[in-house]
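This report refers to the structure that appears directly beneath it.
All of the numbers you see were taken from the coordinates with simple rules; none came from a lab. The structure presented is a predicted model; accordingly, all values stated were derived computationally and were not measured. Reconstructed Cβ throughout: ideal geometry from the backbone, glycine too, with neighbour counts over all protein chains shown.
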Amino acid sequence: MSKQLDKILVIDVEATCWKGKIPQGQKNEIIEIGICVLDTASGERVATDSLLVKPNSEISEFCTELTTLTQADVEKKGISFKEACKVLRNEYLSQQYTWASYGDYDRRQFERECQEKKVGYPFGTSHINIKNL
């Protein structure tokens, strides 16, 4: 499948986090996927979205302070990680476009969670680390 170059998907994830050491039985998991579709010709944002994701881990008070997201938010409005990846593939055609994130954390977090949860990686191989630009 050839890449479409008219748009880039800019992705920003928020994940569970703790002040200090990760508590036993918990792990970093995506709780929000911010999406911005950027038109490469005009540089304009053509769409934005936010997907809340239900983690298996708990959202700490520290995490809520950083992200403003609470356990109640993701339980009430969140979808599974698998469903979020499906939305990326089907609604944003994420495998057909280059995607970008600020740093490699988001890319590595997606790779790790997809592997751990046995979910197909929602993106193609073309990724831009905006931090390097």
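In this structure, residue 116 and residue 70 have a Cβ-Cβ separation that, at R0 = 25 Å, corresponds to a calculated FRET efficiency of about 0.55.
In the chain, the longest principal axis of the Cα atoms and the axis of helix 81-91 are about 20 degrees apart. Only beta bridges with both residues in the stretch 4-132 are counted; by DSSP, about 65 percent of them are antiparallel.
In the set (i) 12, 42, 33, 11, 1; (ii) 11, 26, 27, 16, 12, 5, 2, 0; (iii) 14, 46, 31, 8, 0, which value of P(r) over Cα pairs in 10 Å bins from 0, in percent was calculated from the structure you see? Checked against the structure: label (i). Which angle between 0 and 90 degrees, to the nearest 10, do you get for helix 105-117 versus the longest principal axis of the chain when only C-alpha atoms count? Long axis of 105-117 versus the principal axis of the chain: about 70 degrees. Relative contact order of the stretch 1-57: 36 percent, from C-alpha pairs under 8 Å at least 6 residues apart in sequence.
The aspartates and glutamates whose alpha-carbon is closer than 16 Å to the alpha-carbon of residue 76, local same-chain residues fewer than 8 away aside, are 32, 58. At a threshold of 8 angstrom on Cα-Cα distance, excluding pairs fewer than six apart, so keeping six or more, what relative contact order does the stretch 4-132 reach in percent? Answer for the stretch 4-132 is 25 percent. Can you compute the FRET efficiency between residue 5 and residue 105 using 1/(1 + (r/R0)^6), with r the Cβ-Cβ distance and R0 = 35 Å? Round to the nearest 0.05. That pair, residue 5 with residue 105, gives E of 0.90.
The charge dipole of the chain, taken about its Cα centre with unit charges on the Cβ atoms of Lys, Arg (+1), Asp and Glu (-1) only, comes to about 420 debye.
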